[in-house]
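The values are calculated or read from the model by the stated rules, or taken from the named source; none is laboratory data. Note that the coordinates shown come from a computational prediction; the quantities given were computed from them, not determined experimentally. We place every Cβ from the backbone using ideal geometry, glycine too, and count neighbours over all the protein chains shown. Areas reflect the complete protein model, heavy atoms only, side chains present, ligands, DNA and RNA absent. Shrake-Rupley method; radii C 1.70, N 1.55, O 1.52, S 1.80 Å.
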Amino acid sequence: MRVLAALVLAPLAIAIAYAGGWLWVLLVTLVSIGLFAEWLTVIGAGSAALTGAGTVVIAMMGAAVAFGGLKTSVVVGLVGGAIVTLIARGKFVWAATGFAYAAAALLASILVRKDLVNGFSALMFVLLVVWATDIGGYFAGRSIGGPKLWPRVSPKKTWAGALGGFVASLVVAAGFAACGIGKAVPLLLISAVLSVVSQAGDLFESAVKRRFGVKDSSHLIPGHGGLMDRLDGFVAAILAAWIIGFLRHGVHSAGSGLMVW
């Protein structure tokens with residue numbers, strides 16, 4: 001089921017990413033709403049009022065960005081995030097963290113793709129680095145084994161798996177460079193950073209679930225668990241990728257900032 005789900009979902013995600021525009025914004029918005037809803041379920045605060053408020057705010061943020069209103073989206077996020085925090089009451093810190101997590105995934109995913117020149121290649125680079133890190137880590141961890149990476153948080157992850165995922169991400173960077181999409185040295189450095197960040201995002205999500213005694217964030221994706229379980233590394237990596245691109249080429253050319261050196 002895990003392989004079949006991946007064979008269906010991965011090509012679909014790539015096709016929508018290639019199409020870009022409102023289709024990509026719609027997908028990312030729905031996924032971000034799902035991430036927030038799952039986060040609330042994990043922390044035991046999934047009330048209708050809180051989930052509904054977060055859904056409305058995230059949907060408004062996505063719509064604003066789709067129509068070029070980034071500043072409006074940020075303002076909506078700040079005001080809406082404050083409202084969500086107030087509704088959460090006793091678990092306001094965890095609810096605020098979950099909202100920030102979903103909102104960051106939303107904005108970073110959309111803004112990287114919105115680069116008209118290198119948006120798609122940058123997004124694919126991040127996706128493939130994350131996927132290679134996951135796959136390389138899985139096979140290296142299973143075949144080599146050895147000392148655990150952080151047994152208290154994630155009992156199955158090993159240092160061998162972490163290194164295997166890291167090496168696999170470098171192969172992706174080398175492949176892009178060989179195809180003439182970016183320069184080898186910068187891409188290798190970026191892939192190294194994104195691979196480490198991706199694995200850190202995975203551990204962060206595992207730590208949150210362990211804190212609340214939850215195994216899977218949901219059972220939405222057969223063989224994979226929930227959206228948080230599947231996208232924890234991507235959320236961290238796409239945010240890091242956007243920050244790198246933004247620092248180099250600005251808000252609306254983050255894709256070029258990531259890929260062109």
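Data for the structure
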item: Between the stretch 74-105 and the stretch 1-19, the alpha-carbon center distance in angstrom; result: 30
item: For the stretch 116-260, convex hull of alpha carbons as volume per residue, Å³; result: 116
item: Positive-pole candidate from 95, 213, 231, dipole of the chain, charges at beta carbon; result: 213
item: Percent accessible area from carbon and sulfur atoms, the stretch 118-160, protein chains only, probe 1.4 Å; result: 69
item: Mean projected area (nm²) of the alpha-carbon convex hull when the chain is viewed from all directions; result: 13.3
item: The chain - charge dipole about Cα centre, Lys and Arg +1 at Cβ, Asp and Glu -1, debye rounded to 20; result: 460
item: Length released on extending from residue 75 to residue 215, taking residue separation times 0.36 nm less the Cα-Cα span; result: 46.9 nm
item: 1.4 Å probe accessible area per residue over the stretch 140-216, in Å²; result: 55
item: Volume of the Cα convex hull of the stretch 1-114, divided per residue and given in Å³; result: 95
item: 26 Å Cα-Cα reach of residue 114 towards lysines, excluding residues that sit fewer than 8 places from it in its own chain; result: 71, 183
item: Computed over the stretch 167-234, Cα set: Rg, Dmax in Å; result: 15.5, 47
item: Relative packing of peptides 228-235, 183-190 - highest average C-beta neighbours within 10 Å first; result: 228-235, 183-190
item: Solvent-accessible area per residue for the stretch 1-114 (1.4 angstrom probe, square angstrom); result: 48
item: Reach of residue 156 by Cα under 16 Å, taken over lysines that are not fewer than 8 positions away in the same chain; result: 148, 209, 215
item: By average C-beta atoms within 10 angstrom, highest first, the peptides 98-109, 162-173, 41-52; result: 98-109, 162-173, 41-52
